[in-house]
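The values are calculated or read from the model by the stated rules, or taken from the named source; none is laboratory data. Computed from a predicted structure; not experimentally measured. Cβ atoms come from the backbone with ideal geometry, glycine included; neighbour counts cover every protein chain shown.
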Amino acid sequence: MSEPTPVSGQPSKINAEVPHSARVWNVLLGGKDNYPVDRMAAEKILEIFPGMADIARHSRHMLARVVRYLAGEAGIDQFLDIGTGLPTADNTHEVAQRVNPACRIVYVDNDPLVLVHARALLVGSAEGATDYIQADVRDPEAIVQRAGATLDFTRPVALMLMGIMGLIQDDDQARLLVNRLMQALPSGSYLALYDGSDTDPAYVVAISRYNAASAAVPYTPRSPQQITRFFDGLTLVQPGVVSVTRWRPEPNPWGEAPEIACHGALAVKP
């Protein structure tokens, strides 16, 4: 996530000289929508912590499992995906609309490069709707207002915050932002969230070195207990807050994985 962009203004200029978290993540997922500076940053992380590629893959796999559960068993047909990052395989709308073509999805990110690719690639089904707005998670009221053009906030919505809250360093501010977003959603809505955790010292060292060497927005791993606090006041769906590889695991291309330094959960608003 780049520096906050005024939600009513024009997209800011793409800076190809500074690594960007969305583009670095794209490198780790094997994507091509990135610049040499992003590939260098990813290489430095992998030199210190080769397991970062596993975190990228397995967290993405959890996202797909969560969305299938929501669109299927939970009967959710509206999704607000904030900090979506660059489009890759199995984006939220693709997974959701395979289950229910009438699903409506709004993507939110403040990176102009994401905006360019989203407009071209995030095309949903004819029965549903897929939209993109450029906005910052630090301005939840503006996000809700603009997303209301596509989503009906009188009915349950799934709020997706996958790997983004680590970009908000202050715990209190991060929890406040999540609370403000959830307050705008009716009973029966869901919060899906995961973030890097401090459970692997090598991962913490790699992120610390990346933050120190990069001009990008720093990322802050949190403990599983801190991540659990994001779900205060909500009812956790089993198995609760766990490593992403342990959240309702399914067969995947990489075989059974150990617990990794990325924890998350899904919870419903009473």
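Figures for the structure shown
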quantity	calculated
Odd one out for Pro201 among (1) closer than 29 Å to Ala135 by Cβ; (2) surrounded by fewer than 15 Cβ atoms within 10 Å (Cβ to Cβ)	(1)
When residues of region 9-40 are limited to those that are hydrophobic (A, V, I, L, M, F, W, C) and farther than 15 Å from Asp111 by Cβ, the one modelled with the highest pLDDT	Met40
Any hit, region 125-136, residues being modelled with pLDDT of 95 or more, closer than 20 Å to His93 by Cα and assigned to a loop (DSSP other than H, G, I, E, B)	no
Residues that are within 19 Å of Ser223 (Cβ to Cβ) and among the aromatic types (Phe, Trp, Tyr), drawn from region 164-209	Tyr194, Tyr203
Sole residue being closer than 20 Å to Glu43 by Cβ and under 19 Å from the mean Cα position of the chain (by Cα), chosen from Val244, Val217	Val217
Matching residues in region 221-261 - criterion: being of a type in the set (Val, Ile, Thr), surrounded by 14 or more Cβ atoms within 10 Å (Cβ to Cβ) and in contact with a strand residue (DSSP E or B) (Cβ under 8 Å, 6 or more places away or on another chain)	Ile227, Thr228, Val237, Val241, Val242, Val244, Ile260
Test for Gln173: is it polar (S, T, N, Q) and touching a residue at least 60 places away in the same chain (Cβ under 8 Å)	no
Residue check, Gly196 touching a Pro at 6+ places or on another chain (Cβ under 9 Å), in contact (Cβ under 8 Å) with a residue 40 or more places away in the chain, of a type outside the set (Phe, Trp, Tyr) and outside any loop (DSSP other than H, G, I, E, B)	yes
Answer residue from region 149-177, given it is farther than 20 Å from Asp195 by Cβ and in contact with a strand residue (DSSP E or B) (Cβ under 9 Å, 6 or more places away or on another chain) and is surrounded by the most Cβ atoms within 10 Å (Cβ to Cβ) among those	Val157
Test: residue in region 133-144 that is without any contact (Cβ under 8 Å) to a residue 40 or more places away in the chain and surrounded by 14 or more Cβ atoms within 10 Å (Cβ to Cβ)	no
Residue check, Ala267 more than 14 Å from the chain's Cα centre (by Cα), surrounded by 15 or more Cβ atoms within 10 Å (Cβ to Cβ), at pLDDT 95 or above and assigned to a strand (DSSP E or B)	yes
Condition met for Tyr203 (in a helix (DSSP H, G or I) and not hydrophobic (A, V, I, L, M, F, W, C))	yes
Region 178-189: number of residues that are surrounded by 18 or more Cβ atoms within 10 Å (Cβ to Cβ) and out of contact with any helix residue (DSSP H, G or I) (no Cβ under 6 Å at 6 or more places or on another chain)	4
Filter result (part of a helix (DSSP H, G or I) and either acidic (Asp, Glu) or exposed (fewer than 14 other Cβ atoms within 10 Å of the Cβ) (or both)) within region 209-220	Ala212, Ala213
Tally of residues being in a loop (DSSP other than H, G, I, E, B) and at pLDDT 95 or above across region 53-110	10
Residues satisfying the stated conditions in region 222-264, i.e. outside any strand (DSSP E or B), more than 26 Å from Pro50 (Cα to Cα) and aliphatic (A, V, I, L, M)	Leu234, Val237
